1. Can you work out the Karplus-derived ³J(HN,Hα) for every residue in region 46-58? Use 6.51 cos²θ - 1.76 cosθ + 1.60 with θ = phi - 60°, whole Hz, and x for glycine or proline.
2. Ignoring ligands, DNA and RNA, what percent of the accessible area of the chain is carbon or sulfur (1.4 Å)?
3. Quick one: which residues, 5+ away or cross-chain, put their amide H under 5 Å from the amide H of Val85? H built at 1.01 Å from N.
4. Which Cα, out of Leu108, Leu29, Ala93, lies furthest along the positive dipole direction of the chain (beta carbon charges, K/R +1, D/E -1)?
5. May I ask you to give the solvent-accessible area per residue for the chain, in square angstrom, as obtained with a 1.4 angstrom probe?
6. Please identify every one of the trypsin sites (Lys or Arg not before Pro) in region 1-59 that sits in a loop by DSSP and has no more than 16 other beta carbons within 10 Å of its own beta carbon.
7. Among the aspartates and glutamates, select those whose C-alpha is under 12 Å from the C-alpha of Lys81, and discard any that sit fewer than 8 residues away in the same chain.
8. Give me the lysines in straight-line cross-link reach of Lys97: C-alpha distance below 19 Å, same-chain residues under 8 apart excluded.
Amino acid sequence: MEYYSGHINHLIEQLSRLPGIGAKSAGRLAFHIMNMPMEQVEQLASSITKARSNVCYCKECFTLTDDEVCPICRNPKRNHKEIMVVENSRDLAAYEKTGKYEGVYHVLHGAISPMLGIGPNDIKLKELMHRLQGDVDEVIIATNSSLEGETTAMYISKLIKPTGIKVSRIASGVPVGGDLEYIDEVTLLRALEGRTEL
Ligand code: ZN
């Protein structure tokens, strides 16, 4: 496939490794970049490197943050006894946008999927159990309603039950297989309010 310069080919190859970017889109992006002012290209490249090297996990909730402890976990006005478990930082952002949830979060960074070979040890589950040794009233499981999300919810509830801490699952106002980040705020709030104890 040496139609273009080797550099462009290399760029296309790198871009097509990103999720949702096929060979065609990668080509389009690569040629777009070729036409961008050098300054913008440098900004793009440096923002990728900066984000990747400076963003870390919050040491309490494991969301992606610029600080050791994220602003939500640092906020004394949040209810630190209520923990909402989500699959990723984008889901956390979806609930934060509603502005109505006052507890804190725990970000798993994935979901259990026997098919993909992702087990309980591959997500931040041990870290969640460790947090529960503190003063916690309720764990709200807000994993996606996909097969993986439901499997994870069931697994977590079984782990937590013996501790006596209340475990609930957000209501299924969320469409089956739906990613939380694409769901509107009203539906998210209804799912939260209609949560049921497991
Ligand atoms: Zn945090």
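1. 6, 5, 5, 5, 5, 4, 5, 8, 9, 7, 9, 7, 4
2. Values: 6690 of 12020 Å².
Here it works out to 56 percent.
3. The list, which skips near neighbours in sequence, is His106, Ile140, Ile141, Ala142.
4. Value: Leu108.
5. So the chain comes to 61 Å² accessible per residue, rounded to a whole number.
6. Values: sites: Arg17, Lys24, Arg28, Lys50, Arg52, Lys59; in loops: Arg17, Lys59.
For trypsin sites (Lys or Arg not before Pro) across region 1-59 that sit outside H, G, I, E and B with at most 16 neighbouring Cβ atoms in 10 Å, the list reads Arg17, Lys59.
7. Glu102, Asp135, Asp137, Glu138
8. Lys77
The values are calculated or read from the model by the stated rules, or taken from the named source; none is laboratory data. Predicted model only: the values in this text are computed from it and were never measured. Heads up, the Cβs are rebuilt from the backbone with ideal geometry, glycines too, and the neighbour counts pull from every protein chain shown. What goes into the accessible areas is simple: the full protein's heavy atoms, side chains included, and nothing from ligands, DNA or RNA. Shrake-Rupley method; radii C 1.70, N 1.55, O 1.52, S 1.80 Å.
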